[in-house]
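Colleague: Okay, here's the structure, questions in a sec.
No value in this document is a laboratory result; all are computed from the given coordinates. Keep in mind the model is a prediction, meaning the values are calculated, not measured. Every residue, glycine among them, receives a Cβ derived from its backbone with ideal geometry; neighbour counts consider all protein chains shown.
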Amino acid sequence: MEATATARAASPRKRVDRIALSKPFVFALCLLPLAWLAWDTLHGQLGTDPVARLEHRSGIWALRLLLATLAITPLRLLTKWHWLTRYRRMLGLFAFFYASVHLAIYLVVDLGGFWSQLFEEIAKKPYITVGFAAWLLMIPLAVTSTKAMMRRLGPRWLQLHRLVYVVGLCGALHFMWLVKSGNTIAVREPVIYLAILLVLLAARVPGWLRRRRLPRGNARAGGVA
């Protein structure tokens with residue numbers, strides 16, 4: 001009996017946190033697109049327009065990771081796999097990372113470092129306007145993604161992080177407007193991403209309506225992404 005009690009007491013300490021162990025693997029997976037892009041750049045495998053290829057691949061991975069971040073909540077509600085939320089911060093930060101790489105490539109390689117030209121491009125090209133707006137809105141989300149900031153901001157943290165929905169729409173529109181409407185093959189890809197985004201947002205509507213019917217004190221806070 002005594003040995004059994006000792007084993008039971010020791011078992012919680014021996015329990016392995018599989019999510020924590022898997023995070024380095026997920027981290028490495030998120031870095032693979034960058035490594036692949038660097039490999040193709042060094043080996044001249046970016047095609048006839050390498051600058052456009054660099055911008056497209058860095059931007060598309062920013063959008064994919066943003067959609068993966070937004071998919072966490074619907075998947076958690078559908079499968080009851082609450083452990084999925086522990087990957088959300090990492091995916092969101094990597095989305096911001098690839099968006100920053102995308103912007104850096106545009107500024108340094110495409111514009112040749114003429115930073116003042118960026119504001120001219122923002123003013124006259126709507127797809128650059130919404131793309132730059134998406135990146136700007138991601139900055140406060142990345143800065144306040146820590147648990148310490150969640151505690152410090154309290155309910156305002158949830159309100160702030162609802163900006164992720166605006167970021168998603170801006171990112172999808174940026175991709176949509178970037179593609180020439182005459183190229184039906186190219187247009188298909190941004191349409192698919194926009195459709196995925198709309199499905200992920202629509203999946204949240206029942207929860208939003210349910211929370212609106214609850215008294216304010218009974219509404220349970222949770223991750224908005």
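Colleague: By how many degrees, 0 to 90 and rounded to 10, does the Cα axis of helix 18-42 deviate from the longest principal axis of the chain?
Modeller: Its long axis makes an angle of about 10 degrees.
Colleague: Pairs on different chains or at least eight residues apart, Cα atoms closer than 28 Å: how many lysine pairs in the chain fit?
Modeller: Number of lysine pairs found: 8.
Colleague: Moving on. Go through the range 77-88 residue by residue and turn each phi into a ³J(HN,Hα) via Karplus (6.51, -1.76, 1.60, θ = phi - 60°); whole Hz please, and just put x for glycine and proline.
Modeller: Karplus values, whole Hz, x for Gly and Pro: 5, 6, 9, 6, 8, 5, 5, 4, 5, 6, 9, 5.
Colleague: Would you please give the FRET efficiency between residue 43 and residue 189, computed as 1/(1 + (r/R0)^6) with r the Cβ-Cβ distance and R0 = 25 Å, to the nearest 0.05?
Modeller: FRET efficiency, residue 43 to residue 189: 0.50.
Colleague: Hey, another quick one. Which of 116, 100 has the fewest other C-beta atoms within 10 Å, and how do the rest follow up to the most?
Modeller: Going from least to most buried by this count: 116, 100.
Colleague: Rounded to whole Å and sorted largest first, list the principal axis extents of the Cα atoms in the range 2-218.
Modeller: 73, 48, 35
Colleague: Please give, to one decimal in nm, the separation of the simple spin-label points placed at residue 212 and residue 83, each 7 Å out from Cα toward the Cβ.
Modeller: 3.6 nm
Colleague: Something else now. Whole-Hz ³J(HN,Hα) for each residue in the range 141-156, computed from phi via Karplus 6.51 cos²θ - 1.76 cosθ + 1.60 with θ = phi - 60°, x for glycine and proline: what do you get?
Modeller: Per-residue couplings from phi come out as 5, 5, 5, 9, 7, 7, 5, 4, 6, 4, 5, 5, 7, x, x, 5 Hz.
Colleague: Given only helices, namely DSSP H runs of n ≥ 4 each adding -39500 (n - 2.57), what is the per-residue ellipticity at 222 nm of the chain, to the nearest 500 deg cm²/dmol?
Modeller: Working: 11 runs with 171 residues, N = 225.
Roughly -25000 deg cm²/dmol at 222 nm, from the helical runs in the chain.
Colleague: Would you work out which of 90, 193, 33 lies farthest towards the positive end of the dipole of the chain? Charges go on Cβ: Lys and Arg +1, Asp and Glu -1.
Modeller: It is 90, whose Cα lies furthest towards the positive end.
Colleague: Could you compute the FRET efficiency for residue 18 and residue 142, with r as their C-beta to C-beta distance and R0 at 25 Å, rounded to 0.05?
Modeller: 0.40
Colleague: Now a separate question. Could you derive backbone 3J(HN,Hα) for the range 119-133 from the dihedral phi with the Karplus parameters 6.51, -1.76 and 1.60 (θ = phi - 60°), listing whole Hz in sequence and x where the residue is Gly or Pro?
Modeller: 5, 5, 5, 4, 6, 9, 10, x, 5, 6, 4, 6, x, 5, 4
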